[in-house]
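The structure appears right after this line, and notes come after that.
The values are calculated or read from the model by the stated rules, or taken from the named source; none is laboratory data. Being a predicted model, the structure only gives us computed values, none of them experimental. Ideal geometry is used to build each Cβ from the backbone, glycine not excepted, and the neighbour counts take in all protein chains shown. Quick note on the areas: whole protein, heavy atoms, side chains included, nothing else; ligands and nucleic acids left out. Shrake-Rupley method; radii C 1.70, N 1.55, O 1.52, S 1.80 Å.
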Amino acid sequence: MNIQRIAAFSANGKGGNPAGVVLLDNAAPEADMQKVAAEVGYSETVFAVPVEGTDRSWRVRYFSPESEVSFCGHATIALGAALGQRNGPGTYNLDLNNASITVDAATSAEGMAAMLASPPTESRAITDDESMNAMALLGLTSDDLDMRLPPAHIHGGADHLVFALRDRARLTAMAYDLDEGRDMMRRHKLVTIMLVHIEGDRAFSVRNAFASGGVLEDPATGAAAAAFAGYLRDRKWPHGGQFTIRQGEDMGAPSIIEVELDSEVGSSIRVSGNAHSMQPA
């Protein structure tokens, strides 16, 4: 397999979240895709096969080093960049395991940029069990929480928990045991646990624990960004139709995620960012 390595949501040509991108002529066995994802070692590797010979519609699957993931935002941005480099700018239709979405590719000063339209979003109140287990894992107390955004279970193609924190320093101090986190997230069928510091109505600093995929932390999480946007909309947060997420700064991989949304409850979220190749063309 020809594996491209592309960093999505990069900031000024640096940082971002690396993803493996594999463009296939024919579908590969699941075991082979899982093996490649483990060997690549990034939080996700995306595999895409053209549908009926066209270069604008693709069957897409995502694998972390340890399991298949239903939807991955940063790998979709990386895929959009790879498709744009190969076939030119424009809209690409992507058929996932549980949804159909699009990604738009365009050129940028950093090389390529892409915008995905997420699966539908939804959110609900966190359960007592989810709250207790997640807060114990991350060493959080009720005093750490910013209740302008109460803890919630959020979805935008994949399931996450979100906790807003009062202090930026508490976000910086995020730490947990990987094995315990893996067990907890898989038990609750979560992809990540998202910690958020509210910088303003349209600006958020974020960290995402991703033990479910065998990775301690994700530098940029487009799927969680989409789910979070849906939650803000459900809460009637004054986002003004767009906001910015800064992620990865605490792990030396600064990333910028731009998010756009409308007022229709549950509707698709537009998530965009720059991308750059991590290997010679």
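Tabulated results
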quantity	calculated
Under 14 Å from the Cα of K35 - aspartates and glutamates, other chains or at least 8 residues apart	E44, E66, E68
Folded to 0 to 90 degrees: helix 178-187 orientation relative to the chain principal axis, Cα	90 degrees
Dmax and Rg, reported as Rg then Dmax, of the chain (C-alpha, Å)	17.5, 56
Spin-label model distance (nm) - S263 vs S100, 7 Å beyond Cα toward Cβ	2.9 nm
Under the Karplus curve 6.51 cos²θ - 1.76 cosθ + 1.60, θ = phi - 60°, whole-Hz ³J(HN,Hα) for region 263-274, x wherever Gly or Pro sits	8, 6, 4, x, 6, 4, 9, 9, 10, 9, x, 7
Built amide H within the under 5 Å cut-off of L165, gap 5+	D146, V196, H197, I198
Helix 30-40 vs. the chain, principal-axis angle (Cα, 0 to 90°, nearest 10)	70 degrees
Taking the chain and dividing mean pair separation by its residue count, relative contact order in percent (alpha carbons under 8 Å, at least six apart)	22 percent
Calculated from backbone phi, Karplus (6.51, -1.76, 1.60) coupling profile of region 49-64 in Hz, x at Gly/Pro	10, x, 8, 6, x, 7, 9, 10, 10, 9, 8, 10, 9, 10, 10, 7
For M112, distant residues with modelled amide H under 5 Å away	A275
Nearest-10 value in Å² for the accessible area of K14, using the 1.4 Å probe	140 Å²
For L94, residues with placed amide H under 5 Å, excluding near neighbours	W58, I101, T102, V103
Whole-number percent relative contact order across region 157-281, with pairs defined as alpha carbons under 8 Å at least 6 apart	21 percent
Principal-axis tilt of helix 73-87 within the chain, Cα atoms, nearest 10 degrees	20 degrees
Highest-fluctuation residue, G53, G84, G13 considered, GNM on the chain with Cα pairs under 10 Å	G53
